[in-house]
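Notes follow once the structure below has been shown.
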Amino acid sequence: MDPVKLISLFSSIFILLFIFTTFSSLLLASNESISKFGFSFLISADWDPVEGRFGALPAIAGTAITTAISVLIASAIGIGTAVYISGGYSPYWVRRIIAPLIDSLAAVPSVVIGLFGLLFLSPLLENVYSLISSHLYFIPIFGGPVRGISIMTASLILSMMIIPTIASLSSSAIEMVPVELKEGARALGATRWETLRIITLPYASSYIISSILLATARALGETMAVTMVIGNSHDMPKSLFQPGCTITSVIASEFLEATSSLYISSLMELGLILLLISLLVNITAIFMRRGFYARA
Amino acid sequence: MRELKDRIAASASFIAMILAVLPILSIIAVTFAKGAWRISLPFLINEPAPPGQGGGIGNAIIGTFMMMVVASALGISIGVLSGIYMAEYSQKAHIFELFTDVMAGVPTIILGLVVYLILVRFIGFSALAGGVALSLIMMPIIARSTEEALKEVPNEVREAAAALGIPKWKAVLHINLRAAEEGIKSGLLLSTARALGEAAPLLFTAFGSQFYSGLNLLQPASSMSLVVYTYGASPWEDWRGIAWGTALLLLLITAFMSAFARRSR
Amino acid sequence: MKLRLENVNAWIGRKQILYDVNLGIEEGKVTAVMGPSGCGKTTLLRVINRMHEEVRGARVSGTVLLDGEDVYKMPASVVRRRIGMIFQKPNPFPNMSIFENVAIGLKLSGIKDKELIRRKVREALEAAALWDEVKDELDKPGTALSGGQQQRLCIARALAVEPEVILMDEPTSALDPIATSKLEELIRKLSKNYTVVIVTHNVRQAARVSDYAAFIYEGRILEFNSTAELLKNPRNKLTESFITGRFEMLREVA
């Protein structure tokens, strides 16, 4: 009876069906490689298109390592920034200027960030890595020969991209903590840091954690910037200063060159794995955020 | 001692803030420095040429435009309608909200794969397929921002419309959407800026191209974002310069759109 | 009788709000419904133009007759076009000009003739005593007007669809004294062409604008009479204490 209700319902159902369509089409497309390799796909590091052997381990490891490093760095910097602008360490007008500045990075296209990483940052970083590696060569992850195009650079680029998310959400979280609680602590003589440590950050913790999860999901799915600076090497990662690969970089660089149906199917299977991981992280983040709002 | 800790926290967080601000400042500076002098009329109009022979990104600009038209048409229609459903009609809105948010979180390269599987296998690499892939990025953003904007319309507006004897669906289309105008517009701008900057979903849908193909939606197409990716990674100085120029262009366009979106909030 | 309520009961969920309301509203007159806060006056109004059912869990029993026809047997949108409503807080449509606010009801009922619409908008604004103040600024947003003007805009908007009855839910409670008296003057003027039912908690306002008055307490109509009679010779103790302002005292005793 209500025409808008009907049409809008269809639109919503479209979105609902989209997830299922995505999942099932990827599943179908991965059929060949799943039946050929089974579980060993996940633990094999053998990537040989010519011989028809495909193993996802380097890509999965690369995704895990770059995501982990970038999230660690971005959390430290992001939460630190939030503490600076919202935790009482700077006058209010600082927030008004700094926050939009940091947020604006989120508006920069990922290819532009990738270009910056590829042509400007990696040559620069190569020198830094050389320096570190020449002194700390006995630590495997700092081993040479170093290259600017490497896992570390990819992680740094990723962290740059997700800092705004963590910083702005954590900053909001800190500001959402009830003023009475914060003032109560301060009135008792607590320093700013003590107030943060004992009252504010614990209260805001679930929100901050969900923002970190959100940033993780973003890092997992980032393709262009990572592909441009990671080098796409299927060797198992040993040193941070050497090229590697992630699931997204493999798909992006090799899909159009994939010659056999098994090759394509393996790439699809990689996509499926990525989809599942990112769905998991995303849904966790969504529910955590809902939990925070329900409590507040 | 307690004061010392506080002082350390102050310094550490200040350093963190500097580190957080450094990236955007350096990206803007470097992109301007390397790209500004590349932008010229020939640059904007010409087709790509072999390295060393000039050439431009004219076809990429057209390609971007075509794909954005397709993406917007699909993204806005399904997105706005879905937002309307969630805000005005749905009893179980949180379920739809969940799926919408999940859709927004799907890695864009996966979107490219899906459109490849579902569309490209039948109609080939094309601007149309690229547009569809981009629309999948825009849809959930528009849906949620439309929903939020409609939810902010105060109930008294709905009551006034009902008391005038206006049927619900007419009220939604003519009064509620109008009242939620600003929020909806800013959602449209933000999602457009987002789609403009994406290249991953276009890799296997639009595929990229070196030629003008008129306004033919069924031919492979290039986009500014694809240019940055392919030319940036190329071994030729010349082409890398084109990548910088295109990057600057993209930066300026998305910056303007995001600024507009913020102002209409 | 223009409007007749017969044995009307109303609930929201389990809570009953109106108990056996029987009321007759005479055509072309202003009838006031008075009572303390929370006694069901607004619900009474909303039962008449079927706005009550917009609330979750709302239920109504009994009959409401408009010119002898059962209002609950007509389509709700038809009822609401014949019975208009003005709310406590003025609510012009946001992002729409003064002109658009008044015209929207007409446009959405299918009228396309621009000249006709322009004429009817003018008539409605004149009938709402707002035309002279806004005639040169019809494109200004409706929300840019003062409170009193916004309320008159809402009245114009309601009048544009040519109702027979106008329901007003404490229309002046959000306005300053000058705007209030302008509006009360307008109400008296409107009663020449429309039947008006006004909910108010202000006894003196009822005295100023209404011909008939009903006193409602805890969902029941305790008294109904011509305003003059009700105020001079209230028959019910509670009515008396309400109109003399000693209501709070009596509630403690009773």
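Please treat every number below as a calculation from the coordinates, not as lab data. Quantities reported herein were computed from a predicted structural model and do not represent experimental measurements. Virtual Cβ from ideal backbone geometry, glycine too; neighbours counted across all protein chains shown.
Of the residues A:Ala154, A:Gly221, A:Val281, the one whose Cα sits farthest towards the positive end of the charge dipole of chain A is A:Val281 (charges of +1 on Lys and Arg Cβ, -1 on Asp and Glu Cβ, taken about the Cα centre). Using the beta-carbon distance between C:Ala174 and A:Trp93 and R0 = 35 Å, what value does 1/(1 + (r/R0)^6) give for FRET efficiency, to the nearest 0.05? So, using R0 = 35 Å, E works out to roughly 0.45. Ordering A:Val111, B:Val69, C:Val134, C:Val209 by the number of other Cβ atoms within 10 Å of each residue's own Cβ, fewest first, gives B:Val69, C:Val134, C:Val209, A:Val111.
Taking 20 Å as the straight-line reach from the Cα of C:Lys29, the aspartates and glutamates in range (excluding those fewer than 8 positions away in the same chain) are C:Glu6, C:Asp67, C:Glu69, C:Glu162, C:Glu164, C:Asp169, C:Glu170, C:Glu184, C:Glu185, C:Asp211, C:Glu223, C:Glu229.
When DSSP beta bridges are restricted to pairs lying wholly in the protein assembly as shown, around 55% turn out antiparallel.
Charge dipole of region C:38-149 (Cα centre as origin; +1 on each Lys and Arg Cβ, -1 on each Asp and Glu Cβ, all else neutral): 440 debye, rounded to the nearest 20. Calculated mean residue ellipticity, 222 nm, chain C: -11000 deg cm²/dmol, from DSSP H runs (n ≥ 4) at -39500 (n - 2.57) each, averaged per residue and rounded to 500. Relative to the longest principal axis of the Cα atoms of chain A, helix A:92-103 runs at roughly 10 degrees. For a straight C-alpha distance cut-off of 13 angstrom, the aspartates and glutamates reachable from C:Lys15 (same-chain residues fewer than eight places away being disregarded) are C:Glu218. Legend: calculated FRET efficiency, A:Ala187 to A:Leu72, from the Cβ-Cβ distance at R0 = 41 Å, rounded to 0.05, equals 0.70.
Here C:Val47, C:Val161 are placed in order of increasing Cβ neighbour count within 10 Å, fewest first, which gives C:Val161, C:Val47. Sorted ascending by nearby beta carbons within 10 Å, beginning with the fewest, B:Met1, A:Met160 become B:Met1, A:Met160. Look at where the Cα atoms of region B:63-101 and of region A:1-46 average out, and the two centres are 18 Å apart. For the residues of B:3-16, the average number of beta carbons from a partner chain within 10 Å of their own beta carbon is 6. Per residue, the convex hull around the alpha carbon atoms of chain C comes to 130 Å³.
Excluding same-chain neighbours fewer than eight residues apart, the aspartates and glutamates reachable from B:Lys34 by a Cα-Cα span under 14 Å are B:Glu237, B:Asp238.
Ordering of C:192-201, B:246-255 by packing is B:246-255, C:192-201, highest average first (other Cβ atoms within 10 Å, averaged per residue). The mean number of Cβ atoms from other chains found within 10 Å of a Cβ in peptide B:80-87 is 6, as a whole number.
Spin-label model, B:Glu152/B:Leu252: points 7 Å from Cα along the beta carbon direction are separated by 3.1 nm.
With a Förster radius of 41 Å applied to the beta-carbon distance between C:Tyr72 and C:His201, the computed FRET efficiency rounds to 0.90. Can you tell which of C:Gln16, B:Ala87, A:Ile174 lies farthest toward the positive end of the dipole of the protein assembly as shown, using +1 and -1 charges on the Cβ of basic and acidic side chains (Lys, Arg; Asp, Glu)? The residue sitting farthest along the positive end of the dipole is C:Gln16.
Among the listed pairs C:Lys2/C:Lys189; C:Lys2/C:Lys114; B:Lys92/C:Lys107; B:Lys92/C:Lys140; A:Lys5/C:Lys140; C:Lys41/C:Lys140, those whose Cα-Cα separation exceeds 27 Å are C:Lys2/C:Lys114; B:Lys92/C:Lys107; B:Lys92/C:Lys140; A:Lys5/C:Lys140; C:Lys41/C:Lys140. Shielding of peptide B:110-120 by partners, expressed as the average count of other chain Cβ atoms within 10 Å per residue Cβ, is 6. Annotation note: trypsin sites (Lys or Arg not before Pro) in region C:60-121 located in DSSP loop regions with a Cβ neighbour count of at most 10 within 10 Å are C:Lys112. Remark: the protein assembly as shown carries a charge dipole of roughly 1440 debye about the Cα centre, counting +1 on each Lys and Arg Cβ and -1 on each Asp and Glu Cβ. Under a Gaussian network description of chain A, with springs only between Cα atoms under 10 Å, the residue in A:Leu220, A:Leu105, A:Leu16 that fluctuates furthest is A:Leu16.
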